[in-house]
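Following: one structure in structure tokens, then a few remarks.
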Amino acid sequence: MKIVVIGGTGTIGSKIVEHFSKIHQVLVAGRSSKKYPIDIADTRSIKRLFKNIKKEQGKIDAIICAAGEAKWAPFKDLSETDYHIGLRSKLMGQVNVVRYGRKILKKRGSITLTTGVLADDPVYQTASAAMVNGAVHSFVQAAALEMKKKIRLNVVSSGVVIDAYDKYESYFPGHPPIEMDKMMHGYVRSVEGRGTGQVIRIYV
Ligand SMILES: NC(=O)c1ccc[n+]([C@@H]2O[C@H](COP(=O)([O-])OP(=O)(O)OC[C@H]3O[C@@H](n4cnc5c(N)ncnc54)[C@H](OP(=O)(O)O)[C@@H]3O)[C@@H](O)[C@H]2O)c1
């Protein structure tokens, strides 16, 4: 398979790249990539990357997005501008990856998005981050209904992964860290399985 991983240098993305590279061709994309640059908060950059990949590689089998930002702050301090960070990046960025990415996929190719446990179990300072995660879940379930025969679309929602636990532990009291191998099961299920419209939750 040919698989594009957006955010492939991140904590989650690098594990995805490591895993799928063993048996598939993986193209690693991100803002600082020289070969496959993309900023998902900028629609023109999404279109440009997919156009270039199609020209270089032809149609591909899968797109995984493990990128997307949202502002964390106490609810009382979140400004409208702060909310727009998550709306533009983690929500509309991923929606646009689906809108434009589907055009470069082979029939029954797949797109896998990434959210997180906050959608179902928010913690302090995550009104914006939890909101966009939940919106992505609803988007995936609804959009997949309309692309059933052509493209599969899923989202992986994991708890805090063990490789980021030092950074986030204090924000997630009592949340068990998720082993990286366990998190990977979600992406493998989405890319190599047959399911679509699924919110693949990996919380324990
Ligand atoms: N860490 C966790 O425990 C955890 C758990 C569940 C869900 N998540 C979610 O999973 C996603 C990835 O998390 P992570 O911990 O792996 O983050 P990370 O370590 O900060 O990595 C983010 C990756 O995405 C790329 N990126 C960031 N903004 C981008 C943009 N606007 N356009 C394109 N690429 C972009 C970064 O590379 P460049 O800077 O080069 O673009 C990097 O490769 C986030 O949405 C996060 O909320 C994380």
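Computed from the coordinates by the stated procedures, all read-outs in this text should not be read as laboratory data. Nothing here was measured: the structure is a model prediction, and the numbers come from that model. Backbone-built Cβ (ideal geometry, glycine too); neighbour counts: all protein chains shown.
Overview of results
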item: Interchain or long-range residues, amide H under 5 Å from G195's placed H; result: none
item: I64 long-range amide H proximity, modeled H, under 5 Å; result: V4, V5, I6, T112
item: Modelled FRET efficiency - R0 35 Å, E179 with K34, Cβ distances, 0.05 increments; result: 0.65
item: ³J(HN,Hα), Karplus 6.51/-1.76/1.60, whole Hz, each residue of region 119-134, x for Gly, Pro; result: 4, 10, 9, x, 10, 3, 6, 10, 3, 6, 5, 5, 4, 6, 4, x
item: 16 Å Cα cut-off, lysine pairs counted over region 32-115 (separation 8 or more, or different chains); result: 20
item: From phi via Karplus (6.51, -1.76, 1.60), per-residue ³J(HN,Hα) for region 177-192 in Hz, x at Gly/Pro; result: x, 9, 4, 4, 5, 5, 4, 4, 4, x, 6, 5, 4, 5, 7, 9
item: Separation between Cα centres of region 177-204 and region 121-157, rounded to whole Å; result: 14 Å
item: Cα gyration tensor, region 2-202 - rounded (a/c under 1.5), prolate or oblate; result: prolate
item: Residue among G30, G193, G86 with the largest mean-square fluctuation in a Gaussian network model of the chain, springs linking Cα atoms under 10 Å; result: G193
item: Whole-Hz ³J(HN,Hα) from phi, Karplus 6.51 cos²θ - 1.76 cosθ + 1.60, for region 96-104, glycine and proline x; result: 6, 4, 6, 4, 9, x, 4, 6, 10
item: Packing-based exposure ordering (other Cβ within 10 Å, fewest first) of T11, T112, T196, T81; result: T81, T11, T196, T112
item: Per-pair calculated FRET efficiency, R0 = 22 Å: T9 and D61 via Cβ, rounded to 0.05; result: 0.55
item: Amide H contacts under 5 Å for G109, placed H, 5+ residues apart; result: R152
item: Separation of the E18 and D121 label points, Cα + 7 Å toward Cβ, nm; result: 2.4 nm
